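The values are calculated or read from the model by the stated rules, or taken from the named source; none is laboratory data. Here the structure is a predicted model, which means the values were calculated and not measured. Using ideal geometry, Cβ is built from the backbone for each residue, glycine included, and neighbour counts are taken over all protein chains shown.
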Amino acid sequence: MKYVLIGAGPAGVQAAEALRQEDPAGEITLVSGERGEPYARMAIPYILTGRITEAGALQRKSPGHFAGLGIRYLNRKAVKVHARAQGGTVDLDDGAVLDYDRLLVATGSSPTLPPVPGTDLPGVVTCWTLDDARVIAAKLKPGARVVMVGAGFVAGVCMKSLVESGAQLTVIAGRVGQILRSMMTPTGSAILQRWLEGKGVNVVTKGRIERIEPGPRLVMDNQSFDADLIILATGVHPNIEFLEGTGAEIDQGIIINDRMETTVPGIYAAGDVAQGRDFSTGEWVVHALQPTATEHGRVAGLNMAGKDAPYRGSLSMNVLDTVGLLSYTFGLWQGRTGGDNAEHVDAEHFHYTRLCFDGDVLIGAIIIGATQHVGAIRGLIQARHSLGAWKETLIKDPGQLMNALVNLTRKPG
């Protein structure tokens, strides 16, 4: 059996190792579109702060790890997949062609650039790859003027390292008017913005970006910023162009079933590129989270090897360290129509708790600052416990979350 896995992020690596464990004789080829050994993208902020070296970001630290497992590792980019009734081929950017019986697409995402002139100028970079990190690290020093375009999750991940470097950071939320809108209510965003401003970050929530000029210089309709570095953090899109013509169904990502197989027999998808099952809703969504990618890859590898391994679904969960202030979102943090929501705000201490219920079941939450509740919230959401009288207790006092979990999971006798 010939297996080809495109993408060497957490999903691709986990799938390759699961395949080797289940199929000792199979021919496995792992293809990475980036230079070097497979690394963890979430480690980039720690590289920027100097807490780890590039070697510390590697997913597998042992030299020759993949060769030792009999896995062929290639630093090439897939440019076209040709699917046949049984198996198919993958064209690589060096002209090579790989035959496959089963194929995994785990190519992740790429940054989406804002639709303005100048995004290709010197001094303008994304914050997504090791190559990006090298460019940013070369510019970071105390007093460096850094402008970050975008105020979503990707921007939030990068902010801490920028502030800790001593840079003068300006964050452009622009016409959106709210930072971290994709994972926060306006109340939560306001708390995080006030925290950032207290750390010396200039947060801009009004105005439209018109262009980037040499310098570089960011020009808005209401003001301009000269910079030593402009970082574009305006979202991502799945890497799926090479699948055109295969018949794979695409929505927000590649549509898969609960065995991680796409609408094309023999082609599987995992990680940020895959539209998989959401644990909370049962719907099919893209969860761009490293734990989800890791589990996707493991399950995909098992199914590609012929095991029957259904995927239960991933819990939407974001964890963000905003320059020292931790925040978490779980499940359906927006709430559900007709459901009850409860919010508790301690503005002085930058604490915020939002609990969302469907009947007497906890379905979502936001936590800022009060990290002692995180484990209990996750346990209650994943277990789908009927809270009974505990619901009113939690609405009045979220500090009782752990007591609720312990009591609801306690075995009789």
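Here are the numbers for the structure shown:
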| quantity | calculated |
| --- | --- |
| Extreme residue, surrounded by the fewest Cβ atoms within 10 Å (Cβ to Cβ), among residues of region 70-101 that are among the polar types (S, T, N, Q) and in contact with a strand residue (DSSP E or B) (Cβ under 9 Å, 6 or more places away or on another chain) | N75 |
| Test: residue in region 368-388 that is under 28 Å from the mean Cα position of the chain (by Cα), modelled with pLDDT of 95 or more and of a type outside the set (G, A, S) | yes |
| Residue within region 89-96 that is without any contact (Cβ under 8 Å) to a residue 40 or more places away in the chain and not assigned by TED's automatic domain parsing to the domain that holds G26 present | no |
| Region 137-156, subset surrounded by fewer than 23 Cβ atoms within 10 Å (Cβ to Cβ) and touching a Leu at 6+ places or on another chain (Cβ under 7 Å), residue modelled with the lowest pLDDT | F153 |
| Subset of region 102-132 (residues that are part of a loop (DSSP other than H, G, I, E, B), at pLDDT below 95 and under 18 Å from R35 (Cβ atoms)) | G108, C127, W128, T129 |
| Given (1) in contact with a helix residue (DSSP H, G or I) (Cβ under 9 Å, 6 or more places away or on another chain); (2) farther than 30 Å from I6 by Cβ; (3) buried (at least 18 other Cβ atoms within 10 Å of the Cβ), index of the condition P216 fails | (1) |
| F225, sole failed condition from (1) surrounded by 15 or more Cβ atoms within 10 Å (Cβ to Cβ); (2) in contact with a Pro (Cβ under 8 Å, 6 or more places away or on another chain) | (2) |
| Residues located in region 396-413, provided they are modelled with pLDDT of 90 or more and either small (G, A, S) or not in a helix (DSSP H, G or I) (or both) | D397, A404 |
| Entirely in region 134-232, the strands (runs of 3 or more DSSP E) that have 1 or more residues that are polar (S, T, N, Q) | 168-172, 202-204, 224-226 |
| Residues within region 370-389 that are under 25 Å from H349 (Cβ atoms) and either aromatic (F, W, Y) or surrounded by fewer than 17 Cβ atoms within 10 Å (Cβ to Cβ) (or both), tallied | 3 |
| Selection status of I52, outside any helix (DSSP H, G or I), among the aliphatic types (A, V, I, L, M) and either outside the structural domain of I136 (by TED's automatic domain parsing) or over 23 Å from V286 (Cα atoms) (or both) | yes |
| Residues satisfying the stated conditions in region 395-413, i.e. surrounded by fewer than 21 Cβ atoms within 10 Å (Cβ to Cβ) and touching a strand residue (DSSP E or B) at 6+ places or on another chain (Cβ under 7 Å) | I395 |
| The one condition in (1) closer than 25 Å to L5 by Cβ; (2) assigned to a loop (DSSP other than H, G, I, E, B); (3) more than 17 Å from the chain's Cα centre (by Cα) that T281 fails to fulfil | (1) |
| Flag if A155 is within 30 Å of Q14 (Cα to Cα) and outside the structural domain of G9 (by TED's automatic domain parsing) | yes |
| Flag if N341 is under 26 Å from G276 (Cβ atoms), of a type in the set (S, T, N, Q) and in contact with a Leu (Cβ under 8 Å, 6 or more places away or on another chain) | no |
| Check on I179, crowded, with 23+ Cβ neighbours inside 10 Å and modelled with pLDDT of 95 or more | no |
| Complete set of residues in region 282-298 that are among the aliphatic types (A, V, I, L, M) and within 14 Å of D258 (Cβ to Cβ) | V285 |
| Residue in region 28-64 that is farthest from A133 (Cα to Cα), counting only those that are more than 22 Å from the chain's Cα centre (by Cα) and in contact (Cβ under 8 Å) with a residue 12 or more places away in the chain | I28 |
| Qualifying residue in region 73-85 (condition: in a loop (DSSP other than H, G, I, E, B) and more than 25 Å from the chain's Cα centre (by Cα)) | yes |
| Members of region 299-324 that are at pLDDT below 95 and not in a loop (DSSP other than H, G, I, E, B) | S314, M317, N318, V319, L320, D321, T322 |
| Some residue of region 183-200 being more than 18 Å from L326 (Cα to Cα) and touching a residue at least 12 places away in the same chain (Cβ under 8 Å) | no |
| Residue that is surrounded by the fewest Cβ atoms within 10 Å (Cβ to Cβ), among those in region 52-66 that are under 13 Å from E17 (Cβ atoms) and out of contact with any Pro (no Cβ under 8 Å at 6 or more places or on another chain) | S62 |
